[in-house]
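Values quoted throughout were computed directly from the atomic coordinates according to the rules given, and no laboratory measurement underlies them. Please read these numbers as outputs of a predicted model, since none were measured by experiment. When we count neighbours, we look across all protein chains shown, and the Cβ atoms used for this are built from the backbone with ideal geometry, even at glycine.
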Amino acid sequence: MKKILILFLSLFITFILFNCSKDNNPSGPTYIASEVWSFIYNNDSSLKYFNNFKKNTDGSVVIAGTWILKKDTSKVICPFFDAPVTFINDSTLQFIGNGNAYCNGFPPGQQNSTFNLSVEGVFKNGIASGNWSITFTSPYWPPGAVGTFSASRTNGSGITP
């Protein structure tokens with residue numbers, strides 16, 4: 001039940017952040033395009049999650065979502081918001097997200113850690129693949145992890161080729 005609550009809260013926060021400006025200023029960011037992508041981490045279909053790209057009127061692109069990985073038998077949940085996206089070439093992009101990770105499989109008082117996530121991949125014709133690495137700052141957590149991802153666009157257009 002706790003995992004479902006965390007998943008629901010993560011999706012709710014992502015929805016709120018992308019549908020309300022941070023300061024309720026009507027002159028705030030206006031997104032002209034958006035894409036929703038379904039990511040699978042390390043070829044494990046139980047680690048599937050949606051991430052949302054948004055393109056601003058000035059051409060800048062950000063992504064928000066949640067990165068999921070396994071530690072032993074527990075899922076590590078890493079939500080991030082408004083991570084700037086850099087296009088290396090027409091189809092290769094990268095982003096660095098950070099936030100507060102949670103893992104209920106760790107002992108009480110040690111279940112949270114800040115994280116830094118680095119992702120790079122090729123996004124073309126509605127499919128993507130690439131590599132990621134993550135580091136955690138809590139002394140009780142492993143220092144980090146690396147892996148691969150695959151993804152498919154489920155909705156939207158106007159950002160990736």
Distance in nm between Thr57 and Thr114 label points, each 7 Å along Cα→Cβ, equals 3.3 nm
Expected unfolding gain across Thr137-Ser46 under the 0.36 nm per residue rule, minus the alpha-carbon gap, is 30.2 nm
One finds, for Thr73 and Asn155 with R0 = 30 angstrom and r their Cβ-Cβ distance, a FRET efficiency to the nearest 0.05 of 0.40
Neighbour-count ranking for Ile63, Ile88, Ile96 (other C-beta within 10 angstrom, fewest to most) reads Ile88, Ile96, Ile63
The simple spin-label model distance between Lys124 and Ser91, using points 7 Å out along Cα→Cβ, in nm, is 0.2 nm
Going through Lys75/Lys124; Lys70/Lys124; Lys55/Lys124 one by one, the pairs whose alpha carbons sit over 19 Å apart turn out to be Lys75/Lys124; Lys70/Lys124
